[in-house]
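Take a look at the structure set out below.
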Amino acid sequence: MTEAVIVPDVIHQAVALVAEGFSIRKAADALDVPTKRISFWQHRHREVWDDLLAETIDKLLLVVRSSVMTDAILEEPDRFLRMATAADKWCQKRNESLFQGTGQTTLLSFFESYYRPTCLVDVSANTMHLIKIVLRRWRLLTGDPPLAAINTEMLVKFRECLMRSRGQKPYERMSPVTVGNFLRYVQMILDKAGPKGARNRDAAGILGEVPWTRPPRPDIDPPRIVSDQRLSDVYLAAVCMTAPNLPGIKPPLWWQTLLVVTHATALRRRSLFAARMGNIDWNARTLLVPGGAIKSRRGMVVYLNDAAMVHLRKMRTNREKLFPWPFSKEWFDKSFHHLQYEAGIPEAEHFGLHEIRKTVATKLWQVSPEAARLLLGHSRDDVTRKHYVNGENIITRGVNAIPQPAAFTRT
């Protein structure tokens, strides 16, 4: 120590939390002490604090480096991930690497040197963002070992860590679907490091045999649909919206038109926000959606019904985007939640545009399964039926329509 100072236990604990990535305020909350107490001590004894923090960070780095891909991280994967994330940031500040490289090709280096330039020529920004999230999680949990060291046991442990990790909500585990998607991206990269074949012509041939593990089997719940009453409530509540404030378009009309067009076309949010005014054929009552704005990359022309045409004509201006949104995706989600609060919908029953898409698919499936599949842009009926059509109401009406023997209906 640089000065003879007695360090209280609470300061030792605060330093440990700060080393793990907590802010001073969050550390104080976790220790149930005033933030000012820790801040005062930190500034009053700055040299002692810095020495304690540096010592604690060294211990943190040692723990993280020695724990990757061991059973220890399976006990508390969320805590380990938080520690590893903090350790990675401390290493960046020190201009050093969290994990020492061996000079051999790893999953991340193979991705950057071969997979990305060879296999991701026209990938969307959203997909690239997801892949980077997966690779970052892989690096922190496994230490990014050489490709040759990756085996099935390692993939199984990676899968188990994901399944025990927190999901989008603090009280939920990562869903089997999300875990499966993480494994799928890792497997895609590993496959390209494997041997060439008729269905893998652009493989690099680095690995003679590619390891694999079975993804968790997801529990598929019936697709959630939105009632007409709920949609009407949200439509009417749009009069309270004050954003986006665009030239010639009042915010309530923007939201109402978005709801109506989504219900008419069943387009994803990405496609709706990428749609252009110039792609509307006002005479043919159609909207051309280019392949770059669709998940399948196949462009399509969607029909605009009477309600959609009426609303689009009301907000027709000389603009580029059909639904300009000058804010972030997160702000859109918050705004849509606010709109549903104003409509009197309980938070547990809030929905997104994707639920409207599923609602339209369910309604149209009753009229024509083929029309539902085509409208959603799916190549197979089973994708539409399995993930987008809620068959409960369809079955109920069908069962009630079954002719009954005369004796069954006697009272």
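Given the C-alpha centroids of region 193-219 and region 348-402, what is the distance between them in whole angstrom? If we compute the Cα centre of each part, the gap is 34 Å. Applying 1/(1 + (r/R0)^6) with r as the Cβ-Cβ distance of residue 181 and residue 319 and R0 = 41 angstrom yields a FRET efficiency of 0.70.
Could you sort the peptides 66-72, 77-83 by per-residue average Cβ neighbour count (10 Å cutoff), highest mean leading?
The peptides rank, most packed first, as 77-83, 66-72.
Normalising the average separation of contacting C-alpha pairs (under 8 angstrom, six or more residues apart) by the number of residues puts the relative contact order of the chain at 11 percent. Bridgeable lysines around residue 59 (alpha carbons under 17 Å apart, same-chain partners fewer than 8 residues away excluded): 89, 93.
Cβ-Cβ distance of residue 63 and residue 282, R₀ of 56 Å, FRET efficiency by 1/(1 + (r/R0)^6): the value works out to about 0.30.
Of all lysines in the structure, the ones whose alpha carbon falls short of 20 Å from that of residue 192, not counting any fewer than 8 places away in one chain, are 132. For the chain, treating each Cα as an identical point scatterer without solvent, what Debye log10 I(q)/I(0) comes out at q = 0.06, 0.09, 0.10, 0.13 1/Å? So the normalised log intensities are -0.38, -0.81, -0.95, -1.22.
Fully extended, how many nm does the chain gain between residue 392 and residue 91 (0.36 nm per residue separation, minus their Cα-Cα distance)?
Gain on stretching residue 392 to residue 91: 103.0 nm.
Applying 1/(1 + (r/R0)^6) with R0 = 22 Å to the Cβ-Cβ distance of residue 78 and residue 6, what FRET efficiency is obtained, to the nearest 0.05?
0.05
Coordinate-derived values only; no laboratory data. Because the structure is predicted, anything quoted here is derived from the model rather than measured. Neighbour counts are summed over all protein chains in view; Cβ atoms, including those assigned to glycine, are modelled from backbone coordinates with ideal geometry.
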